[in-house]
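Participant: This is the structure I want to talk about, given as structure tokens.
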Amino acid sequence: MKTTKVIVPWKGGLHLRPAADIVNTAKQSRSSMTLRLGEKRASLRSIVSLVMLCATMGTPLVLEAQGEDEERASKAVAQLFAKDHIEN
């Protein structure tokens, strides 16, 4: 299992647009992927579960990937949280 810490960079928090980007990226992999916020877990293949995390700007999240392409998949999703990728 690959675990990566990411920070929510969007002014509106983890809302529908970035959640859709995350889901589309995650669906390109074969790994099982989740975001964790405390005790809450969200599948990266579900926009609804991501939005239900209610993660605001600056919130640290734990990205977990497990599967044959976990390294590549976690890197691709983590890049969506990078400050130079932000499109408010």
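Participant: Go through (1) over 11 Å from the mean Cα position of the chain (by Cα); (2) surrounded by 19 or more Cβ atoms within 10 Å (Cβ to Cβ) one by one and return the number of the condition Arg72 breaks.
Facilitator: Result: Arg72 passes all but (2).
Participant: Conditions first: (1) of a type outside the set (Lys, Arg); (2) farther than 19 Å from Gln79 by Cβ; (3) under 11 Å from the mean Cα position of the chain (by Cα). Leu16 passes all but one, so which condition is the exception?
Facilitator: Result: Leu16 fails condition (3) only.
Participant: Still on this structure, please answer the following. Of the numbered conditions (1) assigned to a loop (DSSP other than H, G, I, E, B); (2) under 9 Å from the mean Cα position of the chain (by Cα), Leu61 fails exactly one; give the number of that condition.
Facilitator: (1)
Participant: Moving to a separate point now. Could you list all residues from the range 1-42 that are more than 17 Å from Glu68 (Cβ to Cβ), of a type in the set (Lys, Arg) and not in a loop (DSSP other than H, G, I, E, B)?
Facilitator: Lys5, Arg17, Arg36, Lys40, Arg41
Participant: Kindly provide the set of residues from the range 51-66 that are under 17 Å from Ala26 (Cα atoms) and open to solvent by 30 Å² or more (accessible area, probe 1.4 Å), ordered by number.
Facilitator: Hits for the range 51-66 are Val51, Val62, Gln66.
Participant: Separate question: If you go through the range 1-43, how many residues are open to solvent by 80 Å² or more (accessible area, probe 1.4 Å) and of a type outside the set (Lys, Arg)?
Facilitator: So the first thing to find is which residues in the range 1-43 are open to solvent by 80 Å² or more (accessible area, probe 1.4 Å), and the list is 1, 5, 11, 16-17, 24, 27-28, 30, 39-41.
From the residues that got through so far, the ones that are of a type outside the set (Lys, Arg) too are 1, 16, 24, 28, 39.
Number satisfying all stated conditions: 5.
The values are calculated or read from the model by the stated rules, or taken from the named source; none is laboratory data. As the structure is a prediction and not an experimental result, all values here were calculated from the model. Positions of Cβ are generated from backbone atoms using ideal geometry, with glycine treated the same way; all protein chains shown enter the neighbour counts. Only protein heavy atoms, including side chains, enter the accessible area calculation; ligands, DNA and RNA are left aside. Shrake-Rupley method; radii C 1.70, N 1.55, O 1.52, S 1.80 Å.
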